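In what follows, a structure is listed as structure tokens, so that the remarks can point back to it.
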Amino acid sequence: VHFIEDCYRDVLEKVGNAYPGLPVILHGYDYSIPGGNAGEWRSPSYASVDQWLGKPFHTIGIVDADLQKGIVRAMIDTLNAMQISLCGGNHPGGAYAHAFHVDVRDVVGYDWNDELHPTDDGYRKVADRFRPVLMQALAGA
């Protein structure tokens, strides 16, 4: 987590120094659902249904679908918490006043095209979360 946070800080500092007042928008993804388990409904033509999450989980012996979902949830929550701590634009105490966080957790539901990418309807739901944060960020720019 520290490496990822350091990378975010580096980008936010460089953007802040090069373009003072330019808002930066961060988001920490929704809770994707690992593929290849019972009840699978997706069938992307460009990838195996478990290419990015399900297969790696199975490879290391994590075969319980609820445990897989719980691990993904913990990872996404950790990423979002770190981003929120950086985004002072819309979170009091955030380290960077020009950074804004968009919370897209629990938005996509089952509108996933594959393990990482929503369907068009899923992306619309995500975009609906971006709109108010973008308006807030642009109002101060």
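Projecting label points 7 angstrom from Cα along Cα→Cβ for Ser45 and Asp10 puts them 3.9 nm apart.
Farthest toward the positive end of the dipole of the chain, out of His2, Phe57, Phe130, is the Cα of Phe130, where the dipole comes from beta carbon charges about the Cα centre. The Cβ shell under 12 Å around Arg73 holds other residues with a net charge of -2, Lys and Arg each +1, Asp and Glu each -1.
From the Kirkwood radius over Cα pairs of the chain, Stokes-Einstein at 4 °C and 1.567 mPa s returns a whole-number translational diffusion coefficient of 79 µm²/s.
Entry comment: accessible area of the chain is 58 Å² per residue, from protein heavy atoms only and a probe of 1.4 Å.
Taking the Cα centre of the chain as origin and assigning +1 to Lys and Arg Cβ atoms and -1 to Asp and Glu Cβ atoms, the resulting dipole is close to 300 debye. Solvent-accessible area assigned to carbon and sulfur over the chain amounts to 59 percent, based on a 1.4 Å probe.
For Lys14, no lysines have a Cα closer than 25 Å to its Cα, not counting residues fewer than 8 places off in the same chain. Across the chain, Cα pairs under 8 Å and at least six residues apart give a relative contact order of 30 percent.
The values are calculated or read from the model by the stated rules, or taken from the named source; none is laboratory data. Everything numeric in this text was worked out from a predicted model, so none of it was measured. Positions of Cβ are backbone-derived with ideal geometry, glycine not excepted, and every protein chain shown enters the neighbour counts. Only protein heavy atoms, including side chains, enter the accessible area calculation; ligands, DNA and RNA are left aside. Shrake-Rupley method; radii C 1.70, N 1.55, O 1.52, S 1.80 Å.
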